[in-house]
Amino acid sequence: MVFKNHSVWRKVAMKDNGFVDWTSLPDDAMIQLFSLLNNHDRANLSATCKAWRIVGASKCLWTSLDLRGYKFNITMAVSLSPRCVNLQQVRFRGAESADAINHLNAMNLRDISGDSITEDTLTMLVSRHKDLRCIQVGPDDKVTSGSIKAIAFYCPKLKQLRLSGIKDVLADSINALANYCPNLVDIGFIDCLNVDGVALGHVLSVRFLSVAGTSNTKWDVVSHVWCKLPELIGLDVSRTDISSTAVSMLLSSSRSLKVLCALNCPVLEQDITVNTVKTEGKLLLGLFSDIRNVFSDWGCSNEIMTWLKWILSHTLLRIAKSSPQNLDYFWLKQGVALFLSLLQCSQEDVQEMAASGLATCIFANEGNAIIDPGKAEAVVKNGGVPLLLDLAKSWQEGIQSAATKAISNLSADLNAAKTVSDEGGIGIFIELARSKNRQVSEAATGGLWNLSVGEEHKAAITEAGGIRTLVDIISEWSSDADGVLECSAGALANLAANKKYSREIAIAGGVQSLATLINNCKFRGVQEQATRGLVNLAAHSVRNGPNAREAGALEALIQLTCSPHEGVRQVAAGALWHLSLTNVNREAIAAAGGVEALVTLAQSSLNASQCLQGMVAGALWGLSMSKANSIAIGREGGIPPLIVFAHSDSHDVHEVAAGALWNLAFDHSNVFQIVEEGGIPVLARLCSSSESRKASFMAALALAYICRGRTNELAPTGTSSENTSKSVSLDEARTTALKHIEAFILTFSDPQAFAAAVVSSSRAALDQANERAYILETGILRCSEAEIGRFIAMLRSSSSILKAFAAFALLQFTDPQGRNAVYHASLMLDAGAVKVLRAAAASANEPVEVKIFAKIVLRNLEYHQQETLYLV
């Protein structure tokens, strides 16, 4: 908080030695200081010393309470009650807060405003606070007409009553108001289903009346009744089906009426005669009016203008929330400008509703997911950003929250985000994110979430201490503050997508915070964003050291594979996939129970979305690169679901499933299971018809591994008759597999060109053959030493098909364009592959494909040898 007269107070508090002793300030100065703080900060400051504890308890500082952003219960109310002797105004949200208000012992309460209150609680509240002047409650469908009678009976000094969302407002309740509340001048029955309009004609004291959003009103009857109300000067019928006839009757027959608001009244606006209605010198406001000039051109009393600004801000907010698609022109022409004008009003509730309206109207669709660039531009061009940022610094937390929410939403637009950043919005967001008011913190962290999408803002957020703040927020807020936690985790997830800031998050303890958050908060949005953050951190785990694997991150991710939310399971599987790409992580995941969890997830995802199937298959593929994990996956039952995924029409799914089956097929113990579960036809189908050449290649690799094993190696132990049956089955599978491998290889062959290349062995001829044979997408694949050894062994096979495929595979793995080609070449050279390849290339009896592929591999090895010598 920055105080305007800070320098004056500093001089008063300064001692001769230059030390500033703030406790030496006189009590009246300290009370003024305390009055500029919100209730939470005031309580914290009071706890610093005895002198300030006395000042902070001054009853003059506790005349109003805004509890909407806090968890307020009976325990808190009892602790605050000694300070609430002079409490006059309270604003609350939620049934628990409403119940707790009665325990404040605020006998001088004059003004209450809130929602989600039950009939019994409202009745008890008014029975204990008979000096109430203003009651504003709703929307609440639990409040009935009986509650209105209780209000009338217990609150004879009532001046203002605004209730919304009530089903029925009956005649006997309205008549009770007329009989028991002689000072009632402002009535609002807003968004109610049935209101007895004739009975309202009995409340002769009413000066301002709003029935905005009500249904089932007989306008031809009530217009004749209301025009006889002697004191009525302001009437709001916005968002109703009032007709031009009723409007004309009210304007022409009421002697006292000065303002009639009829915003968003479809029947009235579609009536072509509306412009001919005689206003008799009175003000008629509709969407067809130029409302912008009302505040400057129309002279009226402060009383009328105060009511009118509240009605306009409330009605425009309600219209914005209903998202009518036909009002874009209105928002661009004058709606945005109206909100900005109302922001500059001195009425705090009007400012709050105007800021909330701006935060809502700038969205382009009913789902409130996309910002309308035209509306955002209108806010920016009319100076809305600095105006909102200034309000975000208000000590009134309701205004602070609404203004921050508006800036946060604007930040989702790229152009507006730049303005927000340039005007100092990032620093304000970070400061407000630390607020203990849930609504303020949520709006501020939401702003950081939106801004962190842009790479140009990530550095500014980090430099301003945003990462440390976000990590602290996640650690400090309880798990029921789901909005704050989701926004904070979302912002960290965006920042973690950049490797530089990923490191900063890890250093700040972000991994531990996100992992703990996943364990403690079961809200779907929170889990999705926290998991996404760990995914991004995991993507940089090699660069960031072990931090991405520590602090329970793996355990949290593994636990999330059992989440009831598919989106969370999907992100968790994706994170484990990323992590499984390194040896150390694979071991850690397996040690933490990751193999069992992912197999279980795969088994339960047979009918899940393709995205989830792809992620879990990818994670199993990553883990299966370890022999021990490969065996464990087969043992735990991971092969059947992978075969199902390999049958998917989505190449993104069947590609990673084929990769996993390729790894699994390397181990003899898994081969029979693949055959028995129907894996051969599925892999054969991928070989011949997948749109992904990489998927076809990996399916062929799996088939080649199955063919490579001897029958007595593949068949599991059992009785003699069982083994004979299984051996026959495996022999049939081997025959089918060889047939499809041969067909796959021939798709990369050109017999005429290959035959010419064998004869000439020219560089150009080999280049042409290599261009036809090489699959660019296979460049990311990596083989172990044992796998390379198996391909070299295949070159000695009695099967010419396996020989050709082994040479073809080694061509893919050693091509200079591949990421791991140097590594593969080194393994081959160490294993003596050159001799075997030369024999294959020179053999007179081998098919032309064996010879050409072997020659290309030899050339690749020679290239890598020369490159190695050159580097040395």
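The values are calculated or read from the model by the stated rules, or taken from the named source; none is laboratory data. Everything numeric in this text was worked out from a predicted model, so none of it was measured. Heads up, the Cβs are rebuilt from the backbone with ideal geometry, glycines too, and the neighbour counts pull from every protein chain shown. These accessible areas exclude ligands, DNA and RNA; they are computed on the full protein's heavy atoms, side chains included. Shrake-Rupley method; radii C 1.70, N 1.55, O 1.52, S 1.80 Å.
Taking amide hydrogens as placed 1.01 Å from N in the peptide plane, the amide H of G188 sits under 5 Å from those of L161, R162, L163, S210, each at least 5 positions away in sequence or on another chain.
State the answer as a single residue: which of G447, S421, A433 lies farthest towards the positive end of the charge dipole of region 419-467, with beta carbon charges of +1 for Lys and Arg and -1 for Asp and Glu, about the Cα centre. Most positive-ward Cα: A433. Taking a ≥ b ≥ c as the square roots of the Cα gyration tensor eigenvalues, region 760-844 comes out oblate, since a/c reaches at least 1.5 and a/b does not exceed b/c.
If r is the Cβ-Cβ distance from H224 to S650 and R0 is 60 Å, what FRET efficiency results, to the nearest 0.05? Once rounded, the FRET efficiency stands at 0.35.
Give the percent of DSSP beta bridges with both residues in the chain that are antiparallel, rounded to the nearest 5. Within the chain, antiparallel bridges account for around 5 percent of the total.
Accessible surface area normalised per residue over the chain is 42 Å², counting heavy atoms of protein chains with a 1.4 Å rolling probe. With the simple spin-label model, which puts each label point 7 Å out from Cα in the Cβ direction, the Y329 to C562 separation comes to 5.9 nm. Computed about its Cα centre, the charge dipole of the chain is approximately 1140 debye, with only Lys, Arg, Asp and Glu carrying charge at their Cβ. Highest-first packing order for the peptide set 838-844, 486-492 is 486-492, 838-844, based on the mean count of other beta carbon atoms within 10 Å.
Take the Cα of S64, step 7 Å toward its Cβ, do the same at A844, and the gap between the two points is 10.5 nm.
Using +1 at the Cβ of each Lys and Arg and -1 at the Cβ of each Asp and Glu in the chain, identify which of Q817, I399, A833 lies farthest towards the dipole's positive end. Ranked along the dipole, the leading option is I399. Among the protein heavy atoms of region 751-871, carbon and sulfur supply 52% of the accessible surface, probe 1.4 Å, non-protein parts ignored.
Take each peptide in 347-357, 75-85, count the other Cβ atoms within 10 Å of every residue, and average; sorted highest first, the result is 347-357, 75-85. Here the calculated FRET efficiency for V822 and N607, from their Cβ-Cβ distance with R0 = 45 Å, stands at 0.55, rounded to the nearest 0.05. Between E732 and V78, the contour length at 0.36 nm per residue exceeds the Cα-Cα span by 227.3 nm.
Of (i) 170; (ii) 286; (iii) 235, which is the value of volume of the Cα convex hull per residue in Å³ derived from the coordinates here? After the calculation, the listed value that fits is (iii). Modelled spin-label separation between W395 and S688, with each label point placed 7 Å from Cα along the Cα-to-Cβ direction: 8.1 nm. For the peptides 437-443, 736-742, 519-525, the ranking by mean Cβ contacts within 10 Å, running from highest to lowest, is 437-443, 736-742, 519-525.
As a calculated quantity, the FRET efficiency between A756 and S800 at R0 = 22 Å, using C-beta atoms, amounts to about 0.60.
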